[in-house]
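Worksheet: one structure, shown below.
The numbers here are math on the coordinates, done by the rules we state, and not lab data. These figures come from a predicted structure and were not determined experimentally. All Cβ positions, even for glycine, are placed from backbone atoms using ideal geometry, and neighbour counts span all protein chains on display.
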Amino acid sequence: MRILAIERPVDGVSDDRFTPELLAEEAVRIWGLHQAGTIRELYFREDEAAAVLALECADLDEAGRVLASLPLVEAGLIEFELIPLRAYPGFARLFASETE
């Protein structure tokens, strides 16, 4: 199942808590999840400092566990909104018979 994960800030967290060491740990964990195929795509929003990830997981629970393993999430510095996705069904209209 494809799941969109949008980073949300945690209230009261200051920028100085994002240390170079913690950010390096985050990058290593993200790299491993990307190489494993769990994180399929990773972006940063152009309009604000927030990550947007496309995950491939069995369900929302698995996606939550994967994201909980990220060092920045473990440290309580960020959290994610999870949105389950499905394939666009509208193309079926192109192939529907006239009698349907």
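Kindly indicate whether Tyr88 is among the hydroxyl-bearing types (Ser, Thr, Tyr) and in contact with a strand residue (DSSP E or B) (Cβ under 9 Å, 6 or more places away or on another chain). No. Scanning the stretch 43-85 for residues being in contact (Cβ under 8 Å) with a residue 60 or more places away in the chain and of a type in the set (D, E, K, R) gives a total of 2. If the condition is being part of a strand (DSSP E or B), farther than 15 Å from Glu74 by Cβ and of a type outside the set (Lys, Arg), then the stretch 1-12 contributes Ile3, Leu4, Ala5, Ile6, Pro9. For the residues Arg93, Arg86, Arg29, the requirement of being basic (Lys, Arg) and either in contact with a Lys or Arg (Cβ under 9 Å, 6 or more places away or on another chain) or at positive phi (or both) singles out Arg86.
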